[in-house]
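A.B. asks: Mind looking over this structure? Questions follow.
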Amino acid sequence: MRGRHADAYSMYKRGTRDYINAYDKEPGSVRSLNGVSKEIGNPSWKRSFLYILVASLASFLYGYHLGVINETLESISNDLHFNGNTMAEGLVVSICLGGGFLGSTFSGLIVDRVGFRRAFQLCALPMIIGSSMSATAKNLWGMLLGRLFVGTGMGLGPTLATLYVTEVSPAYVRGTYGSFTQIATSLGLMSSLLIGFPAKETEGWWRICFWVSAVPAALLALFMEFSPESPHWLFKKGRAADAEAAFEKLLGGPYVKGAMAELSKSERGGEAETVKLSELLFGHHRKVVFIGSTLFALQQLSGINSVFFFSSTVFKSAGVSSQSANICVGIANFLGSFAALLLMDKLGRKVLLIGSFSGMIVAMGLQAASASSLVSSSNEVYLSVGGMLLLNA
């Protein structure tokens with residue numbers, strides 16, 4: 001059995017090398033990324049735009065499920081009879097993050113095995129099931145199980161969306177399209193906060209909030225059936241003809257040869273160096289991995305998730321209307337994402353990261369100052385809410 005797999009793998013490699021050599025020998029095959037050449041210019045961004053929107057539904061769902069518990073937690077705790085139990089309330093909020101850990105852990109393996117289209121559909125499935133379970137929950141355990149299912153989809157979704165957008169976007173708008181996923185997350189968060197407003201006045205409204213989230217999940221699963229697979233994944237699987245067809249759908253016929261030539265070069269580089277997990281952690285890649293992981297960790301340690309989950313409670317304790325404050329939270333998050341959309345391809349990622357973390361420092365400073373004895377009680381609320389909104393942006 002092992003020999004049979006080895007023979008198949010070597011045949012795939014020989015086929016890939018032959019395909020690479022064919023493109024290298026073809027006159028005029030050297031073009032820039034995604035088939036952009038000086039003679040024919042950039043491919044139209046419109047061809048891939050709809051597929052980017054479909055993939056961004058995964059990020060929209062991520063944002064929705066982050067915020068859906070914000071306005072509804074009090075009603076849920078009353079109806080399911082755990083009001084005042086802070087441990088139970090914390091579990092309802094955080095158990096989806098445990099599911100997210102499981103989903104994100106296996107996301108890479110799932111994509112490598114089944115491709116992006118099927119992976120997106122697998123991401124939507126637990127979100128549909130989990131939302132239905134939460135909406136029909138009769139007790140705390142039913143709610144927790146539903147949230148756990150939703151969390152697995154949340155762990156898969158953002159990773160898939162980011163990678164898919166990167167691999168199907170024309171190079172000259174890749175940064176802009178990459179910002180769509182964050183904007184979708186912001187819109188999902190705003191939607192959940194707005195839909196949740198009647199929860200405290202209307203009995204059982206929180207169940208509607210969970211049912212609503214099943215709709216975009218179903219649309220994601222449906223529309224992915226008509227979306228192209230990532231050409232990069234197809235090429236790695238030895239399906240070069242399918243990769244060409246995907247590029248033609250995404251970029252247009254004149255750009256296929258150049259895109260395939262670029263893809264063949266990257267495949268040749270992948271053959272030359274295979275990176276193991278141990279090398280990522282301890283080899284010469286460790287610096288990049290450490291910096292990237294630290295940035296994500298610092299973002300989470302800033303307490304941003306607490307804003308998404310508990311802003312209603314925090315603002316209420318400060319004497320601020322939770323509905324008005326949550327609208328401001330959603331708007332601040334959206335404006336920050338929209339600024340990234342406009343500036344990503346102009347300023348670059350490094351400048352935006354520095355500016356973002358500088359803003360986080362100022363926001364945390366305002367929060368700390370509001371809790372100190374140096375600030376009067378009349379100004380304490382303004383500093384705290386201002387710091388929270390700045391952190392959210």
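A.B. asks: Could you tell me whether G330 is surrounded by 15 or more Cβ atoms within 10 Å (Cβ to Cβ), outside the structural domain of L189 (by the TED database) and modelled with pLDDT of 75 or more? Spell out the reasoning first.
C.D. replies: On the way: surrounded by 15 or more Cβ atoms within 10 Å (Cβ to Cβ): yes; outside the structural domain of L189 (by the TED database): yes; modelled with pLDDT of 75 or more: yes.
Taking the combined requirement at face value, the residue satisfies it.
Yes/no matrix, rows are residues, columns are (1) over 20 Å from A218 (Cα atoms); (2) crowded, with 21+ Cβ neighbours inside 10 Å; (3) not charged (D, E, K, R); (4) not assigned by the TED database to the domain that holds A184:
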residue: Q121; (1), (2), (3), (4): no, no, yes, no
residue: G155; (1), (2), (3), (4): no, yes, yes, no
residue: L160; (1), (2), (3), (4): no, yes, yes, no
residue: S169; (1), (2), (3), (4): yes, yes, yes, no
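A.B. asks: Another one. Quick check, is L219 among the hydrophobic types (A, V, I, L, M, F, W, C), at pLDDT 95 or above and open to solvent by 40 Å² or more (accessible area, probe 1.4 Å)?
C.D. replies: Considered against the rule, which asks whether it is among the hydrophobic types (A, V, I, L, M, F, W, C), at pLDDT 95 or above and open to solvent by 40 Å² or more (accessible area, probe 1.4 Å), L219 comes out as yes.
A.B. asks: If you don't mind, another one. Going through region 136-154 one residue at a time, which ones are assigned to a helix (DSSP H, G or I) and of a type in the set (D, E, K, R)?
C.D. replies: Answer for region 136-154, where residues must be assigned to a helix (DSSP H, G or I) and of a type in the set (D, E, K, R): just R147.
A.B. asks: Before we move on, is G387 part of a helix (DSSP H, G or I), at pLDDT 75 or above and over 17 Å from L66 (Cβ atoms)?
C.D. replies: So G387 fits the description; yes.
A.B. asks: With the requirement that a residue be of a type in the set (S, T, Y) and under 30 Å from P231 (Cβ atoms), what does region 106-164 give you?
C.D. replies: Passing the criteria: S107, T152, T159, T162, Y164.
A.B. asks: Further, regarding this structure: Look at E244 and say whether it is surrounded by 14 or more Cβ atoms within 10 Å (Cβ to Cβ), acidic (D, E) and touching a helix residue (DSSP H, G or I) at 6+ places or on another chain (Cβ under 8 Å). Quick ask: steps written out before the conclusion?
C.D. replies: Details: surrounded by 14 or more Cβ atoms within 10 Å (Cβ to Cβ): yes; acidic (D, E): yes; touching a helix residue (DSSP H, G or I) at 6+ places or on another chain (Cβ under 8 Å): yes.
Yes; evaluated as a whole, the condition is true for this residue.
A.B. asks: Taking the conditions exactly as written (surrounded by 21 or more Cβ atoms within 10 Å (Cβ to Cβ), aliphatic (A, V, I, L, M) and in the same structural domain as W211 (by the TED database)), does V111 satisfy them or not?
C.D. replies: It is true that V111 is surrounded by 21 or more Cβ atoms within 10 Å (Cβ to Cβ), aliphatic (A, V, I, L, M) and in the same structural domain as W211 (by the TED database).
A.B. asks: Give me a count of the residues in region 61-108 that are of a type outside the set (A, V, I, L, M, F, W, C), open to solvent by 60 Å² or more (accessible area, probe 1.4 Å) and part of a helix (DSSP H, G or I).
C.D. replies: So the answer is 5.
The values are calculated or read from the model by the stated rules, or taken from the named source; none is laboratory data. Model, not experiment: these values are computed from the prediction. Reconstructed Cβ throughout: ideal geometry from the backbone, glycine too, with neighbour counts over all protein chains shown. Just so you know, the surface numbers come from the protein's heavy atoms only, side chains and all, with ligands and any DNA or RNA stripped out. Shrake-Rupley method; radii C 1.70, N 1.55, O 1.52, S 1.80 Å.
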